[in-house]
1. Among the residues of region A:178-203, which ones are within 21 Å of A:Thr236 (Cα to Cα), outside any loop (DSSP other than H, G, I, E, B) and either open to solvent by 10 Å² or more (accessible area, probe 1.4 Å) or touching a helix residue (DSSP H, G or I) at 6+ places or on another chain (Cβ under 7 Å) (or both)?
2. Find all pairs meeting these conditions: Cβ atoms under 8 angstrom apart; at least six residues apart or on different chains; first residue within region B:274-301 and under 24 Å from B:Gln62 (Cα atoms); second residue among the acidic types (Asp, Glu).
3. Taking the options A:Glu130, A:Glu140, name whichever one is under 27 Å from B:His93 (Cα atoms), more than 8 Å from chain B (Cβ to nearest Cβ) and open to solvent by 40 Å² or more (accessible area, probe 1.4 Å).
4. Restricting the search to region A:145-166, which residues are under 16 Å from the mean Cα position of the chain (by Cα) and either more than 14 Å from chain B (Cβ to nearest Cβ) or open to solvent by 20 Å² or more (accessible area, probe 1.4 Å) (or both)?
5. B:Ala43 versus (1) open to solvent by 10 Å² or more (accessible area, probe 1.4 Å); (2) in contact with a strand residue (DSSP E or B) (Cβ under 6 Å, 6 or more places away or on another chain): which is the lone unmet condition?
6. Open to solvent by 20 Å² or more (accessible area, probe 1.4 Å), in a loop (DSSP other than H, G, I, E, B), touching a strand residue (DSSP E or B) at 6+ places or on another chain (Cβ under 8 Å) and at pLDDT 95 or above: is that true of A:Gly211 in this structure?
7. When only residues in region B:123-144 that are assigned to a loop (DSSP other than H, G, I, E, B) and under 22 Å from the mean Cα position of the chain (by Cα) count, which is modelled with the lowest pLDDT?
8. Where in region A:1-102 are there helices (runs of 4 or more DSSP H), lying wholly inside it, with at least 1 residues that are within 11 Å of another protein chain (Cβ to nearest Cβ) and closer than 14 Å to A:Gly296 by Cβ?
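The values are calculated or read from the model by the stated rules, or taken from the named source; none is laboratory data. Because the structure is a prediction, the values reported are computed rather than measured. Cβ placement follows ideal geometry from the backbone for every residue including glycine, while neighbour counts extend to all protein chains displayed. Quick note on the areas: whole protein, heavy atoms, side chains included, nothing else; ligands and nucleic acids left out. Shrake-Rupley method; radii C 1.70, N 1.55, O 1.52, S 1.80 Å.
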Number of protein chains: 2
Amino acid sequence: VKIIVLGSAAGGGVPQWNCCCPVCRLAWAGDPRVAPRTQSGLAVSADGRHWILLNASPDLRQQILATPALRPAGPGRTSPIEAVLLTNGELDHVAGLLSLRERQPLCLLATAPTFAALDANPLFRALDRELVARGLLHPEEPVDLLGLRLLPFMVPGKVPLYQEGASQEGVALGEETEQVLGLEISDGGRRCLYVPNCAKITPALCRRLAGADLLFFDGTTFSDNEMLRLGLSSKTAARMGHVAMDGDGGSLAGLAAVPVGRRVYLHLNNSNPVLVEGSDERVLVEAAGWEIAHDGMELAL
Amino acid sequence: VKIIVLGSAAGGGVPQWNCCCPVCRLAWAGDPRVAPRTQSGLAVSADGRHWILLNASPDLRQQILATPALRPAGPGRTSPIEAVLLTNGELDHVAGLLSLRERQPLCLLATAPTFAALDANPLFRALDRELVARGLLHPEEPVDLLGLRLLPFMVPGKVPLYQEGASQEGVALGEETEQVLGLEISDGGRRCLYVPNCAKITPALCRRLAGADLLFFDGTTFSDNEMLRLGLSSKTAARMGHVAMDGDGGSLAGLAAVPVGRRVYLHLNNSNPVLVEGSDERVLVEAAGWEIAHDGMELAL
């Protein structure tokens, strides 16, 4: 199984267009300690010729241009991208679908509520329904596609931000629903677990991840209140549907005892100090055995 | 008046993610005759400090990162981008709004049908209505903003592609409606005309453009049937709401007698052979007094 990290940042990317937080300031200044990062997504393939995108970030066009494996081979209009799987309906995971228009056959995989979120937006009619087949994902039902077995499962999360009403009603914060998926990717042998959004570490999740050869996990924030503290948001990470790395309920502590071959944080928000190479937080996280994903990172199972 | 071309290509950009047409093939190969181009948009400013975006392409995040004048000055979250004006509701002009989220005060200017097109998509709720003020544009009613006078006017066009039904009903092909605007930008003295979409050269349009110091005009295709001929689409340029450069009804002939200080084609589709420096079509267009816009092009009035 070949895996390319197309984008390693959370919504907004690094730097974010309007942000001068400490990490973004370094990125704007071109400081070599902070690599620029586009928004979150992976490409996976069994053979290196037929590719499945896991999520479609707003930066997808730029990501495809930066990734030789994803360039069209010709003649005419064609692409080695044959499918896209969405793990949720958040903007940073679906807006890139708008860059996959232009009369290209594709297979789009998502759960019923995520398809419903797309269908509520006429913009996505730009993907011609006659050319873009749909595969409905059901938690715990594996899909065999292009030589890979994809097993979706529910993780604690919430509805997409743009679907939240004025009240908290329907946000279903931290519940497991079909709104937010994790994904196991395997070729029958080795297992990669992809969990870009996760609001809470649960015993069931730990059992699921145990023994994985490779884990990609939600690294949005280092501490639960960092966006509040920096004045960037009025919300904690938990309120945004993400478990922080640090702290009692955090992923560092919560996943420490879970045996995993290689563990990689991705979906990193620009507020997260681990984005600065050599920072105290980066050193701490690396000492705990974690890697920090970067754009263009290639891995193999 | 300062003007920066953020993106000079039509929808899809150059190269387009899935395209191996002759122009895209050269772009994928890194041929120096074809500069890569992102999707269409301008930034304009009276003072070089406060900027108005004209349209918001799907590549907007990448365009802001590439444009020092548009970087945030800090502290915290702030941006020199203070307003966005939409000339229509097509995907290549509005999807970039999704990259302007993250709690930033902005003024958004569009006509009623374009606001209605946005409002039909819950995704755009990502732009917080409490922070993003709206200014309703009416054809022929000038707006004074940040030291510039912006005068919108209707041009022949059509509804956004994603709003077209299965039938031709409501497409209003080539009619002047509030769906498609041109824009005159001035500081009271010199005049820049911005017409990125135009389905037909009319006597009224020629009168409007006459005497402009600078004209940006729809350069989507060279010939009306080039996308059909290349097997890229089943539609002519006219059917897509664009007048071709070449031919009897084309913009080269139709605007030849209209006096303009400097004339620049933008919104260039990847099928257009003028994108290849030194091509017969490029030579012909340049001999007729036209420039071909490129990303990062800076102009002043």
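1. A:Gln179
2. Every condition considered, the pairs that remain are B:Ile292/B:Glu286.
3. None of the others qualify; the one that does is A:Glu130.
4. Within region A:145-166, A:Leu150, A:Leu151, A:Pro152, A:Phe153, A:Met154, A:Val155, A:Pro156, A:Gly157, A:Lys158, A:Leu161 qualify.
5. Every condition holds for B:Ala43 apart from (1).
6. Yes: the conditions hold for A:Gly211.
7. Ranking the candidates gives B:Leu127 first.
8. A:60-65
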